[in-house]
1. Expressed as cubic angstrom per residue, what is the convex hull volume of the alpha carbon set of segment 342-541?
2. Listing 384, 321, 217 from the residue with the fewest other Cβ atoms within 10 Å to the one with the most, what is the order?
3. Starting with the highest mean, order 276-284, 161-169, 508-516 by the number of other Cβ atoms within 10 Å, averaged over the residues of each peptide.
4. When only Cα pairs under 8 Å and 6 or more residues apart are kept, what is the percent relative contact order across segment 317-382?
5. Quick one: if the Förster radius is 45 Å, what FRET efficiency do residue 180 and residue 399 give, using the C-beta to C-beta distance and rounding to 0.05?
6. With a Förster radius of 25 Å, plug the Cβ-Cβ distance of residue 214 and residue 288 into 1/(1 + (r/R0)^6) and report the FRET value to the nearest 0.05.
7. Extension gain residue 435-residue 419, at 0.36 nm per residue separation less the Cα-Cα distance, in nm?
8. What Kirkwood hydrodynamic radius, in Å, does segment 157-308 give when the mean of 1/r is taken over all pairs of distinct Cα atoms and then inverted?
């Protein structure tokens, strides 16, 4: 709400107070208390304030007329003062008013990352931004540390029919601006994710036809046929106030355990130091976190990150570089590594160019020593044989990748007379690019690694011979990977088209249970063994550093949420 809107509201209140005194005090006082709550500095939950107002109403109904008149005069004076004050009111101050209370304890913690925050749009799906968003926003559902789905802003959900789901919302949930969650907010948030031109969640919601409020605390979502993953998808659709797209510009207003105090937004693919400051939200519906004040730092230089951890300027370090591990351990930092849900792989353009021939794609696979590359990573990665991690729906242990065979690969490239090709990858993969080039020089082929930014890589998809990709299976299911990369009309399809795979992807999207799982495995087998659509490479382990007094219960998805730290 703008200052002008607030002023208009206050003027309306003055008119309300001066209205015919014959109107019941209950109505007048009730309206004024309701409207005026947005101007006050609130130091107690909204429901307590409303209860106090109701007690005043009941008392005033029994008072004589002269006391009632005295009350009206007091209200007039109060509203006049508010009108004078409102000229200095700005939207952020209203939010600060609601957040004036503090949670118990004054502990603070500093968490450092390699990458900064690049967007305030909650529909941005990049991991670098979601690691910040997840402290501020929440979805209708969420995943626990073992990737099991559980309630969040929705307490329950179920199918009304094959293509209609209903979600029941949690009562008593506050946004960081003091407003309360209702079905209108959920509808607006999902529609924004579906229709916002900048949204990176459009494919995530590809099966959703419409969303509507079936009650103040219930929402119906209609899909194009049965979508068994809809509750999973809702974990990544963050909910914010329905007015947010227009009136909350450059603000982050969610329902999460922390609210944003200050932050800077970096340019895409530009790396420099940033700070994102948060404070625990005193009216959070869930458990209160241990740490009240949290600073999320983006420190671009890996040496500086390490030194900050050693000097105790940082309590938690995400994205520890491998060559920093021994120094951190020697300084008393607890170093933890774990595999996440992210796999890294190469994808071929199978429709045109060098690798339109399947035999050449197989030769490429045999020319690259995956195990040799993993060894160079010092034990912080494992070779992949599929496009998703073990444990993700669609992974099949029976699938095999062709073994490393330098001589066989050379013979095939010689037979086709292929002496060069290009592989596109982001700048951060230069070590991989150098290894790749060395591998192919052994068989007399020039594999030219082209380094680009993330946005340039997206533009090159479908034009390059080969390109490097990383994928994190946040849904715990291979379907989102298939729909995004290998479906013929997928947004990131790099040159792959198989009608049988399209049909299986479509059928799997409307199936469930063992039948669905079997289809997902069939698709993986076709991609890896039959068509050789790409080459699975490795699963990198994420390395973390923790101060001795900080504990973290590791998550399968690898995210470090401030509220989980003890």
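Read-outs throughout are calculated quantities, based only on the coordinates presented, and are distinct from any laboratory measurement. Since the structure is predicted, the reported quantities are computational estimates derived from the model, not experimental observations. Cβ placement follows ideal geometry from the backbone for every residue including glycine, while neighbour counts extend to all protein chains displayed.
1. Numbers: hull volume 21.9 nm³, N = 200.
Taking only Cα atoms, segment 342-541 has a hull volume of 110 Å³ per residue.
2. Details: 384 21, 321 15, 217 18.
Placing the least packed residue first, the sequence is 321, 217, 384.
3. Details: 276-284: 21.1, 161-169: 17.4, 508-516: 15.6.
Result, highest mean Cβ count within 10 Å first: 276-284, 161-169, 508-516.
4. Details: 22 pairs, mean separation 17.3, N = 66.
Normalised by residue count, the contact order of segment 317-382 is 26 percent.
5. Working: r = 50 Å, r/R0 = 1.10.
It comes out at approximately 0.35.
6. Here the calculated transfer efficiency is 0.20.
7. 4.0 nm
8. Values: mean 1/r = 0.0568 Å⁻¹.
Final number for the Kirkwood radius of segment 157-308 is 17.6 Å.
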